[in-house]
Amino acid sequence: MHALVAALRSWPMLAAFGAGLVLAALAAGAGGAMQPALVVAGVAALGWGGLALRAGRVIAPSATLVVAAAALVGMAAVVSTGAAERTDVAPGPLAAASVFIVVVALSAGLELRGRTRRSARAAADRRRDGAASDTARLLGLVAGAALVAALATPALAATEAGETAVPHGTHDGDAPAPGAPGGHEH
Amino acid sequence: MRNSPNRIVATIFGAVYLLVGLLGFAVTGGVGFIATEGGLLLGVFEVNPLHNVAHLLIGAALLIGGIVSATAAKAVNATVGAAYLLLGIVGFFLAGTAANILALNTADHFLHLASAIVLLGVALGFERSGRVATA
């Protein structure tokens, strides 16, 4: 049980990375006021993910829960009112970003719940399991990264930035028409 | 080595990237250095010679960092991981321009994204200040 908890510990942070990447990609193709809003949301998600990974825990859980809930409500409103279509924000990637944000919100909620139940015994368990949990954490990190990449990659491809991506190895600026198959380059 | 997640990840990823870079040259004979159509590595990953060189350089940096010390491994992991993610984000805003370096929805991009997250994650989340393994 402790190994599983250790393995899953980094997943909210990885989900925040996924949300940040997809939101940034959506911002690149968005119009009007949507673009700065998505840039701010994307940078905030990436920043939160980095800081939380560094801290080794869900940081500012109350504020995180409020902001994540507000973001989810805002995204639902943007899609339901037709604002997403008017500002060239694809609903598919937005849905993928919302999945990542739900993971972050859940982790913040669990962290808040845990604070009220946390005992000295749990802290002692964490210290005892320190070395063993490093392996579990590492395996969890690899599995989490694969899951995030599996959801983020098609979501990124469905954004305007993804659709206009240049085919493999192209550097001469002859970008394909939107919708043309993309390739890869470093 | 076994006590340092950063060294383990840097060494494994470095060896894999080096291997991928070397194997890449086996399937890119006759392919232009930055050709738009490369050879298929393992039948899935499209590569060209430029791609192979990038894989070799990244693999060498990671492997050297992993062999030298935990501090070096952590630094290389963070640099390569952050560079990959930053390159992707900057690429979103360059799509459709001459400076576009982005292309998505391919098997290799999936692996690059996963690699970037693992490398950055292990660098930020393991062996934080004062806990870097020296063994």
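Values computed for the structure shown
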quantity: FRET efficiency for A:LEU106 and B:LEU19, using Cβ-Cβ distance with R0 set to 45 Å, rounded to 0.05; calculated: 0.75
quantity: Peptide A:139-149, shielding by other chains (average Cβ, 10 Å cutoff); calculated: 5
quantity: Whole-Hz ³J(HN,Hα) from phi, Karplus 6.51 cos²θ - 1.76 cosθ + 1.60, for the range A:26-43, glycine and proline x; calculated: 5, 4, 4, x, 7, x, x, 6, 5, 4, x, 5, 6, 4, 4, 5, x, 5
quantity: FRET efficiency estimate (nearest 0.05) - Cβ-Cβ, A:LEU151 to A:VAL73, R0 25 angstrom; calculated: 0.75
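Read the figures in this text as sums done on the coordinates, not as results from a lab. Because the structure is predicted, anything quoted here is derived from the model rather than measured. Cβ sites come from the backbone with ideal geometry, for glycine too, and all protein chains shown count toward neighbours.
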